[in-house]
Structure formats: C-alpha cells, structure tokens
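Data first, discussion second: the structure below is written as structure tokens.
Taken together, the values in this text are just the output of simple stated rules run on the coordinates, not laboratory data. Remember, it's a predicted structure, so these values are computed and weren't measured experimentally. Using ideal geometry, Cβ is built from the backbone for each residue, glycine included, and neighbour counts are taken over all protein chains shown.
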Amino acid sequence: MMDAVKRERDFGLFSAFVGIAGGLELSSTLRRIVQAAVDLTSATYGALGVLGPDGQVTDFINVGMDHDTVALLGTPPQGRGILGLLIDEPVAIRLNDLSEHPASVGFPAGHPPMHSFLGVPVRVRGEAFGNLYLTEKHGGEYFTEEDEQLVAALAAAAAVAIENARLYESSRRREEWQQAVANIATTVLSSSDGEQIIPLIAMHARTIAGADACVVAIPDSLGNLIVEVVDEYDPYKIFRSPDPRWAMQRNRPRTMRSEAFKALSSSWIGQEIPVDSILNKVMAQGEVVKQKVAVLDIDQPRTFGSVVAIPMLHEEQAIAVFALIWDIDVESPNQDALDAVETFAAQAALTLVLAEAQHEHERLALYEDRDRIARDLHDLVIQRLFATGMSLQGAMRLGTLEPAVEARISHAVDALDETIREIRQTIFALHEPKTGPSSGVRGRVLRETELSAALLGFQPALRFIGPVDSAMSAGLSEHLMAVLREALSNVMKHAEAGHIEVKVEVDATSVVLTVTDDGVGIDIDGVTGISGISNLYSRAQDVDGSCSLERVDESGGTRLIWSAPLD
C-alpha cells in the first residue's frame, strides 16, 4: 500500500516536472509551477511571490482564488508577516495554523480563511527568485514533511524552467524591439508623414512591455508637455489571438478593464501634462520613474496598478517621454521587459530625430520651390501684366479712341490690377509655411499670436485644452482662425491692453475660443454695429455656434467667448 502511494506521488512529481517544462513563456511557466504545487500537495490555494532586485515583491501569481475575490482584495501582498519571513530567511516554513505564529498579521477584509501553510523558496542560479506559498490542505489536514520535500524538488525543477523561460523571453524581446526599430526606420525612410512615427513607437513599446496602455507626450513650442498618442490594447483582439503568451499573462480575463481606462484615449490626447506629474519629472531629469498603484491626473484622477515613465533621450536630453500603464489588478511589469523597452526607447528617440531631420529637409525643399515660383510670378508675370496695363493706359491718353473703346480698355486695366493683386496674395501665401508644426490649429494659433506680438509689444498668453489639432474640421478651424485674427485686431486697435490671454478648449462636442484682455473695456451695448464685431457673430451663426462679449470687471477688460459644435 505504501509503495502504491509512493509511486503515485512520484508519478505526480514527474508529471509536474513535465508540465512546468511544457512552455517557454515566463508568465505561463510561473502559473504552471503554482498549479503543479497545488496539485502535488492537495492545497486549496497557491501563490508565487516574485522578488525584485531590492527584495520587494514585484509579481504575485495566485491559483485558487476567483477573479472577484482577487479584485476585492486589491493590492497583492507586499511581503509582510509570515510571507516576509521567507523573504528575510529563505528556508522552508510549514505551519498547522497561520494565526498562531508570532509573525502573523492577519488577513484583509474579504480574504478567504486560511490555516495550514507551506512556504518554500525558489532560487535561480543561486539567487532568490521568489517563494511558493501553499495554504488550506484539503480535508482539513496539515502539510507533511513529504509535502515539503515534494515542493522543494518542484522548486528546484522550477528554477531550471524559469531560467529557460527568462532566456527565451529575453531573446524574444530583443528580437521584438529590433523588429520594432526596423519597422519604424522603414516608415521614416519610406514616408514623408512624420505623424505615423509616434503611434508606431507607442504601439511597439506597449507590446514589448506587455502593458495595457502607452502614452507618448512631446513638448510643444512653449515647453509644455502635451499628450500626442495613447495606444491601448484591444482586449477582444488579444483574446482571440493564437499567440499563447497572452492566454496566461494576466490574473483576470483580458476582456475586463477597470474604470481607470474609460475613454482614456479621447480624454487624454491633446491634453497638457500637469507640472507635478511623473511624466514632467522624467522629462526634466531624463531618468526612468516607476510607481505602483499610481494616480495620473491629466483629465481627472485615474488610479492604475503600475506606471513606468521612460524618457526618449538624444544627446543626453529628453526629447519626449512615454508612460507604460498596467491595470490595477494585474501582474507588475517584468524587469527584463522594462530593460528591453528602455533600449527600444533610445533607438526610437534616434528615429524621431531622423524623421524630424527628413521632414525639415523636405520642408526646405518645398520652400525653395515656392520661393522660385514666387520669384517667377513677381519678376516675370506681374511685370508683364504691369507693362501691359501701362501700355493700355498710354493708349487711352492719346485721346483718339471712341468713348466706348476707352471704357472697355479702362475695365481691362482694372481687371489687370485685380489680377496683379491676386497674384501678389498668392506670392505671399507661397512664403507662408503650410507644413510642419504650424499646419495644425495649435501651431496656427501660436503663429497668429506671435504675429500680433510685434504690434502689441508683448506676447499674448496661450492655453490649449483637449485635442485641439485632431477634433476640428478644416472648415471649422478656418472660422476659428478668422475669429481669433479679428479679436486680436480689435484689441490692438481699441483696447490699449497690457495683457491678453487666448484659450482654445475642445471637448467631445464643441470648441470654445476665449480671448481676454485687461484694456479699457468696450461699450457692450454699442458694439454690434461695428463691422469686425458683426463678423464674429456672423461666423458663429454660420456654424450653429454662439458669440458673446462681456466685461471682465468694473475697472475694464473685455472677454470674447466664441463657441461652435464640432462637425
């Protein structure tokens, strides 16, 4: 009878060895190790606490608890109490009742009852990798010395499987970031559209790290850090993926998301990063920052499980920053994966610089063509038209033409003058930049205020809120620019202002332009007849919007509020 039991346990151990060696994905290998330990010892619950270089728990893989219980408990154990004993002294611990041990700190509310306990350290290449925890042996029994020996043998085999999985994942990630860099470089060389590069960087960084989202932020011309791209995984696409590494990567179904991810992309793109955010800290210091249970307050406070912000450095200066985000109840990011992402970030920064250089080269070539066309129009076409007009006017001065002929020649000369004016407008337009940063609404608003600064004697203050560049149609943006131009012109002519603030705010349904000055103020009741002011109201009506003028306070100042629904 004893021989039969021993053979059964030996077969179970052999099966466990085969099982944990059945794959090379680290996340799934770790879960198979826990499941094998649970099966070998008839435990109800099992867990593997993975330790980081600082001895802190970085991953906590559990078996036996359902998703609702895991979600209710919130943050995984951090290695206090009895779990911490194995971290401080990595030797096996076997207890009949957890609560009777002096180091016991109890359980949080909602935690399943646990009494019997077996803990065994897992060492890889002589270094502590983590600890196996087993509780609640079936039937109310206690864990035995034989259980301890079986789990110790399993831990030794697990060390080999973990090392193999680490090597495989390291190789795979290296290949992934090399392919990612090659993909981005190909895009840089084959496309003149630099806007494709940043989404590619975000997508590849998120994929390499196995994160739930990646946010890329880049400074604008004023130095404010602006969210350019938010890349999120498609839970349904990944759930159907044949790639096995996604199947066991999380402690919960991949289709489930916390409220922190609700409308993330639409709410964050175009937003300015708060000064006290870790993204601004990383941008200023050029060093990686990691936070567990991090709160990011960009549009509203959102709590995530982990956030890792990584600078994109070129010549030791951060030119951009991206943040990798994990959900609140998922495994913490793997350090090997983060190392691969940091290497990728350095390569991606170089591709951004190359893309900008190529874009600048193409823009200069375009400007050269425009300058040549403008010179030809001015030096050849306009001069010929001007000479033709002068010739016709000279013929009229001879006094030998009939009145009807003179009238027709006069109309022709007027038409030539109008044509010359239109060509001059075209020449002026050719000298204006139409590509690059100033082509978006944000850039055009900035350029408009810079032009007005030359006449005002000071630079108007600017503030952008929401996805200013991506939300408006071309027609609506033209109305907005015309209104801004007219508003600034009115301030220059009438307000005698020393300060102007321009704010463009875009939300899910509308755009609002607010121009505020500290000038002498205007007669609100008497402005509707002024041509420029009437144009503002007229443009608002054209787009089913609204326009209002109000005094800032009794001492003066005027505030224009012009709004329109998004197309």
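Which of Lys290/Lys503; Lys292/Lys503; Lys137/Lys292; Lys262/Lys503 have a Cα-Cα distance over 30 Å?
Lys290/Lys503; Lys292/Lys503; Lys137/Lys292
Points 7 angstrom from Cα along the Cβ direction at Arg447 and Ala395: gap in nanometres?
Here the modelled spin labels are 4.2 nm apart.
Compute, for the stretch 361-431, the length of the dipole vector about the Cα centre, with Cβ point charges of +1 (Lys, Arg) and -1 (Asp, Glu) only. Units Debye, rounded to 20.
Working: 9 positive and 12 negative charges, 20 e Å.
Using only the charged Cβ atoms, the result is roughly 100 debye.
Can you give me the distance in nm between label points at Ala412 and Gln196, each placed 7 Å from the Cα along the Cα-to-Cβ direction?
Inter-label distance under the simple model: 5.2 nm.
Take Leu366, Leu51, Leu313 and order them by how many other Cβ atoms sit within 10 Å, fewest up front.
Leu366, Leu313, Leu51
How long is the gain from Ser470 to Phe458 if the chain were fully straight, where each residue apart is worth 0.36 nm and the alpha carbon distance is subtracted?
Contour length minus Cα-Cα distance gives 1.4 nm.
Which order results if Arg31, Arg302, Arg123 are arranged by neighbouring Cβ count within 10 Å, fewest first?
On the way: Arg31 23, Arg302 20, Arg123 16.
So the ranking, lowest neighbour count to highest, is Arg123, Arg302, Arg31.
Quick check on packing: order 545-552, 394-401 by the mean number of other C-beta atoms within 10 Å, highest mean leading.
Packing proxy ranking, top to bottom: 545-552, 394-401.
Evaluate E = 1/(1 + (r/R0)^6) for Ala346 and Val70, where r is the Cβ-Cβ distance and R0 equals 41 Å; express this FRET efficiency to the nearest 0.05. Please report the intermediate quantities before stating the final value.
Working: r = 36 Å, r/R0 = 0.88.
Computed FRET efficiency for Ala346 and Val70: 0.70.
Arranged by the count of other C-beta atoms within 10 angstrom, fewest first, what order do Asp212, Asp297 take? Let's see the in-between values first.
Details: Asp212 25, Asp297 11.
Going from least to most buried by this count: Asp297, Asp212.
Describe numerically, in nm with one decimal, the distance between label points set 7 Å from Cα along Cα→Cβ at Gln541 and at Tyr367.
4.2 nm
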